[in-house]
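Report on the following structure.
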Amino acid sequence: MKRLKVPGGEMAWWEEGQGTPVVLVHGTPSSSREWREVARQLAPSYRVLAPDHLGFGDSERPGDWRTYSLPWHVENLRSWLEQQALGPFHLVVHDFGGPIALPLAIAAPERVLSLTVVQSWLWDLKGPNVDNALMRWLYLSWNFSARTLVKMSWGRRTKLTRELHQSFMSRFPDRASRMGTWGFARSISHEGPWMEEQGQGLGRLADVPALVVWGRADKVVKPEHLSRWRQALPRARVLELEDVGHFPQLEASDALGAALLEHLRLLPRSARDRP
């Protein structure tokens, strides 16, 4: 893992391969590790970079959950990207990776060679208000996000083995390490209007070649959100995976990797080969 300073702390990332950059942005409750199998397919042809958000993976984990707002994550990712000095790159987002990375893409669509959206959004999810003492205890003391939500959102194609589930839980071993997951949960209750406002700019990505990959067996981020993407990006290619849940990069890594490779190879040469 490599590390550098961003406004909120020290951010970690890994990279492999050479060529045009592909940036893989994870969500919750996970880390950049979830992209390893997809990266294995991309690395022979592309330079793949996968950062850990602050509060996740090998990045620094600030100890106050009040720190973890979506605009804060956006500014940290912005700083990381600026320090990488990548030039134009391909962007892949999953889950909360969308609300974090997509505002940056909207602000500078000329930097985005292609966009791939996996089980993500950029609008108000209109979920229940979870910002209460019970849910805070469940997230911080009981590891609710990794312990329960992963099971709820998993599909049928690949079994969620005890070892695989434990790999999620082990990334958040104690209360102090779970502040990021609770911060994301609170954002659904408090930052819906901010996400909705950001989503108004999705039209600026209309000319960016886009792929949407959707696991229809996801019981948390449901297929109704795929309909929103069809409206927001009407020219996007769409791959629906009937028996896959919230984590296609783990549940169907071969299918996702193949679709992503095909998507990148179908781009105009001027976009595909820019350094």
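The values are calculated or read from the model by the stated rules, or taken from the named source; none is laboratory data. Only a predicted model underlies this, so the values are computations on that prediction, with no experimental measurement involved. Cβ: placed from backbone, ideal geometry, glycine included. Neighbour counts: every protein chain shown.
Are any of the residues in the range 166-178 surrounded by 21 or more Cβ atoms within 10 Å (Cβ to Cβ) and among the aliphatic types (A, V, I, L, M)? Scanning the range 166-178 turns up no residue that is surrounded by 21 or more Cβ atoms within 10 Å (Cβ to Cβ) and among the aliphatic types (A, V, I, L, M).
For the condition surrounded by 15 or more Cβ atoms within 10 Å (Cβ to Cβ) and either in contact (Cβ under 8 Å) with a residue 12 or more places away in the chain or more than 14 Å from the chain's Cα centre (by Cα) (or both), LEU149 qualifies. Taking the conditions (1) free of Cβ contacts under 8 Å to residues at least 24 places away in the same chain; (2) crowded, with 23+ Cβ neighbours inside 10 Å in turn, PRO51 satisfies each one other than (1). Of all residue pairs spaced 6 or more apart or on separate chains, none has beta-carbon atoms under 8 Å together with a first member in the range 175-188 that is free of Cβ contacts under 8 Å to residues at least 12 places away in the same chain and farther than 9 Å from ASP131 by Cα and a second member that is buried (at least 23 other Cβ atoms within 10 Å of the Cβ) and acidic (Asp, Glu). Would you check which residues across the range 115-129 are small (Gly, Ala, Ser) and surrounded by 24 or more Cβ atoms within 10 Å (Cβ to Cβ) and list them? SER120, the sole residue that qualifies.
Reported count of residues in the range 87-124, each being touching a Ser or Thr at 6+ places or on another chain (Cβ under 9 Å) and of a type outside the set (Gly, Ala, Ser), is 13.
Among the residues of the range 133-158, count how many are touching a Leu at 6+ places or on another chain (Cβ under 6 Å) and not in a loop (DSSP other than H, G, I, E, B). Result for the range 133-158: 1.
I'd like the residue in the range 72-114 that is aromatic (Phe, Trp, Tyr), touching a helix residue (DSSP H, G or I) at 6+ places or on another chain (Cβ under 9 Å) and within 23 Å of ALA39 (Cβ to Cβ) and, out of all such residues, is surrounded by the most Cβ atoms within 10 Å (Cβ to Cβ).
Checked the range 72-114; the qualifying residue surrounded by the most Cβ atoms within 10 Å (Cβ to Cβ) is PHE96.
No other residue among VAL130, VAL117 is under 16 Å from the mean Cα position of the chain (by Cα) and not in a helix (DSSP H, G or I) apart from VAL117.
Under the condition of being out of contact with any helix residue (DSSP H, G or I) (no Cβ under 6 Å at 6 or more places or on another chain) and either at pLDDT below 95 or of a type in the set (S, T, N, Q) (or both), the residues counted in the range 189-205 number 2. If I filter the range 1-13 down to residues being surrounded by 19 or more Cβ atoms within 10 Å (Cβ to Cβ) and of a type outside the set (A, V, I, L, M), which single residue comes out as farthest from GLY63 (Cα to Cα)? Taking the candidates together, the pick is TRP13.
Filter the range 99-114 for residues that are of a type in the set (Val, Ile, Thr) and part of a helix (DSSP H, G or I); which is farthest from the chain's Cα centre (by Cα)?
Residues of the range 99-114 that are of a type in the set (Val, Ile, Thr), as a first pass: 100, 106, 112.
Then keep just the ones that are part of a helix (DSSP H, G or I); that gives 100, 106.
Working: ILE100: 8, ILE106: 16 Å.
So the residue we want is ILE106.
Quick one: which of PRO62, PRO44 is out of contact with any Asp or Glu (no Cβ under 7 Å at 6 or more places or on another chain), over 27 Å from SER253 (Cα atoms) and surrounded by fewer than 22 Cβ atoms within 10 Å (Cβ to Cβ)?
PRO62
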